[in-house]
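Enquirer: Just passing along the structure, written as structure tokens.
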Amino acid sequence: MGMARAFALAVAAAFLAAPATLAASADDYTITLKETGCVDTPMCFEPANLTVDGGEAVTLNLVNPSENRQPHNLCAQVEGETRCAPGPNDYVQPGDRAQLQFTAPSSAGTITYWCNVPGHRAAGLEGTIHVEASGVQAGVKVNRTGAATGGATPGPTAALTALAVLGTAALVAVGRRREP
């Protein structure tokens, strides 16, 4: 088997495997509850805004630092259903953690998250998750630790397009070598 044909087969195999490997990936995001040091409100989430890809499996890791004095929880409205961690009537004590897991909707939009302890949402414990449709996302994306990263991030559609272009080029090269 010639080198061009082997390359074409490798690209075709990668292209066929790509949808499975580029489907929803699980991303973890850490959200810390702050009872002091917030701007404009007595309490806040840090970060208060996240950006995720549509269809992405999301894990929100809620941290209630030991220096906090109150219990808290984390609720989110995802596709018409309210989900809370650890539960709607359960709370994370200072020094403890909880996880909220869900799959982001496939279409672009927003998900609001908040603490449902009476008075805490009004005191500033509310945030927004921006859901981006697949493809190239421009702007700021918050990574797993809550640090902001800038620039465009290629999504699954961009990767599949690149693989298709490579595959087509390889097949054209193989076809030209066979012509007399």
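Each reported figure results from applying straightforward, stated rules to the coordinates on display, with no laboratory input. Just so it is clear, the model here is predicted, and its values are computed rather than measured. Quick reminder, even Gly has a Cβ in these numbers, built from the backbone with ideal geometry, and neighbours come from all protein chains shown.
Enquirer: Which numbered condition in (1) in contact (Cβ under 8 Å) with a residue 60 or more places away in the chain; (2) surrounded by 16 or more Cβ atoms within 10 Å (Cβ to Cβ); (3) in contact with a strand residue (DSSP E or B) (Cβ under 6 Å, 6 or more places away or on another chain) is the only one that ALA85 fails?
Expert: Going through the list (1) in contact (Cβ under 8 Å) with a residue 60 or more places away in the chain; (2) surrounded by 16 or more Cβ atoms within 10 Å (Cβ to Cβ); (3) in contact with a strand residue (DSSP E or B) (Cβ under 6 Å, 6 or more places away or on another chain), ALA85 breaks only (1).
Enquirer: Which of the residues spanning the range 40-89 are touching a His at 6+ places or on another chain (Cβ under 9 Å) and assigned to a strand (DSSP E or B)?
Expert: ASN49, LEU50, THR51, VAL52, LEU62, HIS72
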